[in-house]
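The values are calculated or read from the model by the stated rules, or taken from the named source; none is laboratory data. Values in this document were obtained by computation on a predicted structure and should not be read as measured data. So basically every Cβ, Gly included, is an ideal-geometry build from the backbone, and we count neighbours across all protein chains shown.
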Amino acid sequence: MRLKTFSAKTMKEVMALVRDTMGPDAIIVSVEQARKGGSVRVTAAVEQGLLPQRPPKAPRPRPSPAISDERRPQRARSRPFDMAELKAAIAHHGFPFALGERVVELAARHDAETLAEALAAAFESLIGFAPLALEAPRPLMFIGPPVASKTVSLAKLAAEAVVNGRPVRLITTDTVKSGGAQQLEHYGTLMETEVAVVDEADALAKAVSGAAPLTLIDTCGLSPFSLDELERAVRLLKAADAEPVLVLPAGIDPLEAAEMADIFARMGARRFVATRLDGARRYGSLLTVARGGRLALAGMSRSPYVAEPLETPTPMRLARLVATLPSAKAAARIKERIS
C-alpha cells in the first residue's frame, strides 16, 4: 500500500488532486485543516499496483450537463419563477401526471421567489428525508437491482466512517457475481478493515454477532421480479436482523422505479440511496421511488469515486437537482464533441 499526502486551499481542490494522482480507488486516511483559513491536508492510500497510468497533465473529464448547469452562477437561478417553469421541469423529468399535479399544487401554496425554493417546499411535504449516519442500531444491508452501485455506495459510507475514526464492520454476501466479493475486499484492504465473506444465512448470523457501531452488508444484485432471488435476500435479512437500504440508479423509468420500490418496501426497506446522478438528466424516478415505496431518501451519489462521500439529502438539494434543466448549448457541445 502506498500513502501520499496532498495539500490545497480547499477540500474540493485537494480531492481533485487525490483523484488525478491516485485514481478512483484511493481511500482517505486522514484530513487536517488549519484553524484560520489555512490549507487542507489530506493523506490518501492506494494499493501499490493500482496507481493510474496517466500523462502528467491529463485533462480532467468534462462534467455531465446537469452538473455543468448546476455550477452556473447562482444569479442564473435567482430570477422569480412562473408556473410555466415549474411545469417544464415536471415534464422534463417525466413525473407521472398525478404526481406532477400534486407538486404544482404544493408549490403554488408557497410564496417562493425561485423555482428551487418552490420545489423544495413541495418535496418537503411529499417525501421523507432520513440520511444515513455513521452509527446504526441494526446492521445495514444494501440491496437493489444489478449495476446499481451498491458496493461503491457502501464503501463510500464505510470510508467516511473510517476517516472520522469510527469503527465499521464489513460483510459481503455477493458470492454469486464474478468478482463481487473481491471488489469489497479490495476497498476493505485500502481502509485496513477486514471483510467477512459469507454465502448462507447461518454464516451471516454469526458474522453480525457482537456489538458494532456500524455494520454494513453488501449483497449481489437481485431482480425484484425473481421470487427465488427475493426469497434468498429475505433469508439473509432475517438472519442478520438487518435494515434493508435500497440502492437505485437515477435515470430509470419512473413507473418501473415505483414498482421496484414497492416490492423492496414489502421486504422491509424504509430508506433508499439514489446513485449515478452524474449519468442522468431526468430525475423523476427519485420522486416515484419515494412515493411508490413510501421510502425516505437516505443518500445521493453523483460520483463513482469512493473518496467522495454520499451527499446528505435535503429538500433544497433535491430541488436544485430537479430545477436545473440541461441547456440546449450543453447538449449541442456534447453532440459536437462526439460527432
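With respect to Met1, determine if the residue is modelled with pLDDT of 60 or more and within 28 Å of Gly188 (Cβ to Cβ). Judged against the criteria, Met1 is a match.
A search for C-beta distances below 7 Å between a residue of region 88-99 that is touching a residue at least 40 places away in the same chain (Cβ under 8 Å) and any residue that is of a type in the set (S, T, N, Q) and assigned to a helix (DSSP H, G or I), counting only pairs 6+ apart in sequence or on different chains, returns Pro96/Thr288; Leu99/Thr288.
The rows are residues; the columns are (1) touching a Phe, Trp or Tyr at 6+ places or on another chain (Cβ under 8 Å); (2) surrounded by fewer than 16 Cβ atoms within 10 Å (Cβ to Cβ); (3) without any contact (Cβ under 8 Å) to a residue 60 or more places away in the chain.
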{"site": "Glu124", "(1), (2), (3)": "no, no, no"}
{"site": "Gly128", "(1), (2), (3)": "no, yes, no"}
{"site": "Val162", "(1), (2), (3)": "no, no, no"}
{"site": "Thr175", "(1), (2), (3)": "no, yes, yes"}
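Just so you know, in region 283-299 the residues that are modelled with pLDDT of 95 or more and either β-branched (Val, Ile, Thr) or surrounded by fewer than 22 Cβ atoms within 10 Å (Cβ to Cβ) (or both) include one that is nearest to Pro244 (Cα to Cα), and it is Ala296. On inspection, Ala233 qualifies as assigned to a helix (DSSP H, G or I), in contact with a strand residue (DSSP E or B) (Cβ under 7 Å, 6 or more places away or on another chain), small (Gly, Ala, Ser) and surrounded by 15 or more Cβ atoms within 10 Å (Cβ to Cβ). Screening region 83-171 for helices (runs of 4 or more DSSP H) wholly inside it with 3 or more residues that are outside the structural domain of Thr288 (by TED's automatic domain parsing) and either touching a helix residue (DSSP H, G or I) at 6+ places or on another chain (Cβ under 8 Å) or at pLDDT below 95 (or both) returns the ranges 83-93, 97-108, 115-126. Among all positions in region 205-225, there is no residue which is part of a loop (DSSP other than H, G, I, E, B), surrounded by 15 or more Cβ atoms within 10 Å (Cβ to Cβ), β-branched (Val, Ile, Thr) and in contact with a Leu (Cβ under 6 Å, 6 or more places away or on another chain).
One line per residue, one yes/no per condition, for (1) over 23 Å from Met300 (Cα atoms); (2) touching a residue at least 60 places away in the same chain (Cβ under 8 Å); (3) of a type in the set (Val, Ile, Thr):
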position	(1), (2), (3)
Pro213	no, yes, no
Thr219	no, yes, yes
Pro224	no, yes, no
Leu230	yes, no, no
Leu236	yes, yes, no
Ala240	yes, yes, no
Val245	no, yes, yes
Ala250	no, no, no
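Looking across region 183-204 at every residue that is charged (D, E, K, R) and part of a loop (DSSP other than H, G, I, E, B), the one that is farthest from Ile27 (Cα to Cα) is identified as Glu200.
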